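Just so you know, all these numbers are worked out from the coordinates, no wet-lab data involved. Fair warning: this is a prediction, and the values are worked out from it, not measured in the lab. Counting neighbours? That spans all protein chains shown, and the Cβs are built from the backbone with ideal geometry, glycine included.
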Amino acid sequence: MAILRGGRRIGNFDIRVGIPRDKSLQNVLGDPRLKQRAGGNPESTMGRFIGKIAEGEGFARPNRFLVDFILPKGINEISTGPAGPPGSQDQFVFEEEISRSTRPGELQSENELRRGLRAFCYSLEMPGRNVDTKPFQTYGPKREVAYAYSFNGEVTLSFYADKYLRQRTFFEMWQNSIMDQATHNMHFYDEYVGGIRIYQLGAFAGDAFRDRISYGVELFEAYPKSILAVPFDYGNSDIQKISITFQFRNWQNLSLDQVKNYTIGGGFKVPTVKQGNRGFLGNILSKLPPEIRRAGRDAVNVIKQRVPIGAVFGGKVFPPFL
């Protein structure tokens with residue numbers, strides 16, 4: 001049916017004029033425009049740029065991330081010294097302070113709330129790292145020579161809050177393992193420090209474009225330093241939000257770095273392998289007949305996806321990074 005149609009009869013002739021509708025969507029799969037590809041020289045600047053995008057499977061998105069917490073062990077005993085004799089007033093004060101502190105397992109018992117924090121966290125910053133330098137000059141222009149490295153040491157995470165403000169209560173419990181507000185005693189450092197893991201997510205074609213971890217860092221010796229004020233306003237009908245500032249000592253790349261006894265992926269340590277080295281398994285597979293080599297390569301890929309570090313990164317990050 002035409003969009004506009006008109007006609008007039010002149011003698012024995014019926015003359016009609018009409019404007020037809022668009023037919024470009026009648027055969028979408030056969031549209032030659034969909035078969036066009038970026039032409040030109042693949043070694044050109046634009047060709048190399050497009051190739052690098054395809055090699056990296058697209059760009060990272062700032063709104064696709066995940067955060068998880070490694071909780072502290074909690075209070076086992078008070079750091080102010082031994083309790084008094086049984087039945088004395090000192091013993092009762094000791095036990096009362098224990099009851100006000102976050103004890104072992106209390107935060108772990110809030111696993112459902114902890115999992116909810118992953119979804120409710122809507123804003124954070126992945127921390128940076130600085131190389132500290134000082135000027136050095138013997139002759140000619142001076143040089144900036146590195147002598148140490150440092151971290152900002154703080155990161156702020158923002159969360160949506162439910163009507164009970166349970167997210168705020170969770171971090172208040174964490175802070176209870178740091179100090180006692182009645183006696184003003186501070187607890188041992190190892191009793192209140194935990195960790196934070198921040199992941200960049202990306203969609204992979206092999207997983208039906210579901211989000212998988214593509215990059216991750218872990219913040220060590222972290223604890224909630226500041227629970228920021230929660231504002232109230234009659235003129236604001238938005239969702240209530242809370243912000244927590246964490247103090248941490250340092251961070252490491254979950255797939256690249258390994259520091260002393262820090263383990264990655266549930267006890268699996270990433271071996272130090274030079275970039276581009278085929279590794280022990282790669283050298284063996286390269287010497288096998290083609291038929292056996294193919295089956296062996298499939299078996300290796302399955303292993304990559306099942307070991308702890310491979311399970312985290314979908315087999316894409318695995319020593320020797322091939």
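Take Asp238, Asp211 and order them by how many other Cβ atoms sit within 10 Å, fewest up front. Please list the in-between numbers first.
Values: Asp238 6, Asp211 16.
Ranked by crowding around the Cβ, least crowded first: Asp238, Asp211.
What is the stretch 59-254 by shape, rounded, prolate or oblate, if you read a ≥ b ≥ c off the alpha carbon gyration tensor as root eigenvalues and call it rounded for a/c under 1.5, prolate for a/b larger than b/c, and oblate otherwise? Verdict is oblate for the stretch 59-254. Across the stretch 154-164, coupling constants 3J(HN,Hα) worked out from phi with the 6.51/-1.76/1.60 Karplus curve, θ = phi - 60°, read 9, 8, 10, 10, 10, 10, 6, 10, 7, 5, 8 Hz, and Gly and Pro carry x.
Could you please rank Arg168, Arg100, placing first whichever residue has the fewest other Cβ atoms within 10 Å of its Cβ?
Ascending number of Cβ neighbours within 10 Å: Arg100, Arg168.
Which of Tyr139, Tyr189, Tyr160 comes first, and how do the rest follow, when ranked by fewest Cβ neighbours within 10 Å?
Taking fewest neighbouring Cβ atoms as first place, the list is Tyr139, Tyr189, Tyr160.
About its Cα centre, the stretch 59-254 has a charge dipole of approximately 1000 debye under the convention of +1 per Lys or Arg Cβ and -1 per Asp or Glu Cβ, with nothing else charged. Amide H contacts for Asn185 (H built 1.01 Å from N in the peptide plane; partners 5 or more residues away or on another chain; cut-off under 5 Å): Asp180.
Amide H contacts under 5 Å for Ser177: Thr102, restricted to partners 5 or more places along the chain or on a different chain, H placed in the peptide plane at 1.01 Å from N.
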